[in-house]
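Read the structure below first, then the notes.
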């Protein structure tokens, strides 16, 4: 555990000197919190009026039940922002992990590191946690800013309750960290094959597609984000995490790193 | 201290099914406190050998013990007990010199990391620059920092891969002096270098390696094996008849002229030289200087490497 802590401290000391990483971890989550708040603020007047029921997908109306249509509109709009809090833990660690691994490759610092008594499991865990922890904390901080800002931009009571519902908490506190692990391991695997952090980021960024799928499915009324769906997504991501950790651990063997990572 | 038996390593080649043999059947013993020079051309398998001995990659065949720990069975113990200076310093450029060393002191579980870092930064003259990022260091300073990193955990065996490569003469000399100091402390040093003069000066024994071990011995013994012991008599004038006369003396293996110099191959110059000197004076020669002809390590190295290339062609 001491080695993992040491490695995490080193990773943070190094990657947080990179401006792109600092922007990705600090400014972007803040922007992601302020953007939906701004939209809610700008549409606040419209939301207070009774909207046209036909504007909402039937599945949404069914989910709203007896809630006033205006509130249901606001909840519908709010739900479009939920995937943001699943997307954030995806792209933040990709930026960190890409710079961390590719940086080690370009400076050829991996060999001295591998020559120490650190185990390959500790190395993988240290690298992964150094990327996952800031991503998850930044997402949670962003979510906190979002929650604090909701009443200030005129969110209705039902809308506030929606943001505080188990669905949102499951997405932010369960799916988010699992997505972060997936993103990190995938980024580490991609980084082992490329020599430019931006290329690693771009390739790893493909992971955002399934999350965007959720956004569009919700907009089209095919899906309503709820607790069972979140638990299903969490279970699916957890399985992928296990598989990726298995392959990632094989990729993180000393000999593979020294002889095949170019 | 290092005991190697039949160590081999093969890698998959670029084409499917092809196998490249990087190290073939290496057997070698390096004693405690010895500076062993491991010489060979680029791509000879030197780095692969060092990586195997540092438990970074696994051998395909063979066994080795390093510091009494068996390769493959006690790899963590090997890593804990050896220090390695890799071909490139591999420093974290954004971190300070102190942070670079502190990281490794902690990964090696050094009891008092701060004290170890201070000691080696001081020893290598980097203490005043400890807060500067490693990326701002000159090549020589980076190499010194990498050497400090390899020593933090006080390893008894050190693997130094091209320690003076790319350094200016002053920095190279500093590193060489430091290696001599380390030998004085009884550490075993496995030195990989292309600098044959450096190997000649620093190493107790050398191994000439090109996928397999071509020769291993002290530089002096290798010279004797290849060239015998030769003495040069610098004369004011050389009469060809003198060459025949000297060549006919007992215990003189061979004599030949090289300009105005007489080159004589002897088994024991210490006892035969005075006889030759007396004989030359008797023949009327004016002797200006007498000295032992010392072939450079480069001559020895090239003889073995080229002979091997010729044999394989």
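Where a number appears in this text, it was derived from the coordinates with a stated rule and is not lab data. Just so it is clear, the model here is predicted, and its values are computed rather than measured. Glycine also receives a Cβ, built like all others from the backbone with ideal geometry; neighbour counts cover every protein chain displayed.
Across chain B, the relative contact order, built from alpha-carbon pairs under 8 Å that are at least six residues apart, equals 18 percent. Legend: mean number of C-beta atoms from other chains within 10 angstrom of residue C-beta atoms, peptide B:102-112, equals 5.
Ordering B:225, B:193, A:172, A:259 from the fewest to the most neighbouring beta carbons within 10 Å gives B:225, A:259, B:193, A:172.
Counting only alpha carbon atoms, the long axis of helix B:297-312 and the longest principal axis of chain B meet at about 80°.
Roughly speaking, what % of Cα-Cα pairs in the range B:2-217 are separated by over 28 Å, rounded to a whole number? Show your work: numbers first, answer last.
Working: 6657 of 23220 pairs.
Beyond 28 Å sits 29 percent of the P(r) for the range B:2-217.
By the compact-protein rule of thumb, 2.2 N^0.38 Å, the alpha-carbon radius of gyration of the range A:2-260 corresponds to a ratio of 1.13.
Dividing the summed helix terms, -39500 (n - 2.57) for each DSSP H run of n ≥ 4, by the number of residues in the protein assembly as shown produces a 222 nm estimate of -17500 deg cm²/dmol to the nearest 500.
Equivalent-ellipsoid semi-axes for the range B:12-135 (Cα gyration tensor, √(5λ), whole Å, largest first): 32, 19, 14. Using alpha carbons only, how many degrees (0 to 90, rounded to 10) separate the axis of helix A:208-219 from the longest principal axis of chain A? The two axes meet at around 10 degrees. Going by neighbour counts of Cβ atoms within 10 Å, the residues B:127, A:168 line up, fewest first, as B:127, A:168. Averaged over the residues of peptide B:290-299, the number of Cβ atoms from other protein chains lying within 10 Å of each residue's Cβ is 0.
Here the label points at residue A:247 and residue A:169, each 7 Å from Cα along the C-beta direction, are separated by 3.5 nm in the simple model. The order of the peptides B:30-42, A:222-234 by mean Cβ neighbours within 10 Å, most packed first, is B:30-42, A:222-234.
In the protein assembly as shown, the ratio of gyration radius to Kirkwood radius, Rg to Rh, stands at 1.21 when only Cα atoms are counted. Globularity index of the range A:64-198 is 1.37 (Cα radius of gyration / 2.2 N^0.38 Å, N = number of residues). Counting other Cβ atoms within 10 Å as a rough exposure proxy, the listed residues B:149, A:250 run A:250, B:149 from fewest neighbours to most. Relative to the dominant Cα principal axis of chain B, helix B:169-184 is inclined by about 80°. Look at the stretch A:102-109: the mean tally of other chain Cβ atoms within 10 Å of its residues' Cβ atoms is 4.
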